[in-house]
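The values are calculated or read from the model by the stated rules, or taken from the named source; none is laboratory data. Note that this is a predicted model, so its numbers are computed, not measured. Here Cβ is always computed from backbone atoms with ideal geometry, including for glycine, and neighbour counts include all displayed protein chains.
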Amino acid sequence: MRQRHGKLSGSIRKKLEAVEMDAIRRSLRISRKNKVRNEIIKQQMGTEATISEVIENKQLNCFGHVSQIVEDRLRKQALQWQPAERPKRGRPKQIGNKRGNQRQEFN
């Protein structure tokens, strides 16, 4: 399944949030060994939104601006572009009686 433009998948979102918490912990000099919860660290830092929420808000803001552009502009065409479907992985299936199912008669 393909990913739509601007949508953060669950695994990418988790990685971003882990990196964000690591950066906040380092800036406050709190190690993981101290076993301080992320909510408490965010309260000490004064952050309300996660980085994934900020990214999604910025993407929505950009989409709002681009959606108002005239249809023939390259930016709008790039936003509305849908990639062609890839061929499936693995060996292609044999269709019909091309192999093995036909009898050959010898004279």
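For this structure, a couple of remarks:
- Scanning the stretch 90-98 turns up no residue that is among the basic types (Lys, Arg), surrounded by 10 or more Cβ atoms within 10 Å (Cβ to Cβ) and modelled with pLDDT under 90.
- Single match in Ile12, Ile40, Ile30 (criterion: more than 18 Å from the chain's Cα centre (by Cα) and either assigned to a loop (DSSP other than H, G, I, E, B) or within 30 Å of Pro87 (Cβ to Cβ) (or both)): Ile30
- Of the residues making up the stretch 47-77, just one is surrounded by 10 or more Cβ atoms within 10 Å (Cβ to Cβ), of a type in the set (Asp, Glu) and free of Cβ contacts under 8 Å to residues at least 24 places away in the same chain, namely Glu53.
- Residue in the stretch 67-77 that is of a type in the set (A, V, I, L, M, F, W, C), under 29 Å from Ser11 (Cα atoms) and at pLDDT 85 or above present: no
- The stretch 43-70 - residue that is of a type in the set (Asp, Glu) and assigned to a helix (DSSP H, G or I) and, of those, nearest to the chain's Cα centre (by Cα): Glu56
- The one condition from (1) more than 30 Å from Arg89 (Cα to Cα); (2) over 16 Å from the mean Cα position of the chain (by Cα) that Gln77 does not meet is (1).
- Residue within the stretch 78-89 that is farther than 22 Å from Ile12 by Cα, surrounded by 10 or more Cβ atoms within 10 Å (Cβ to Cβ) and of a type outside the set (S, T, N, Q) present: yes
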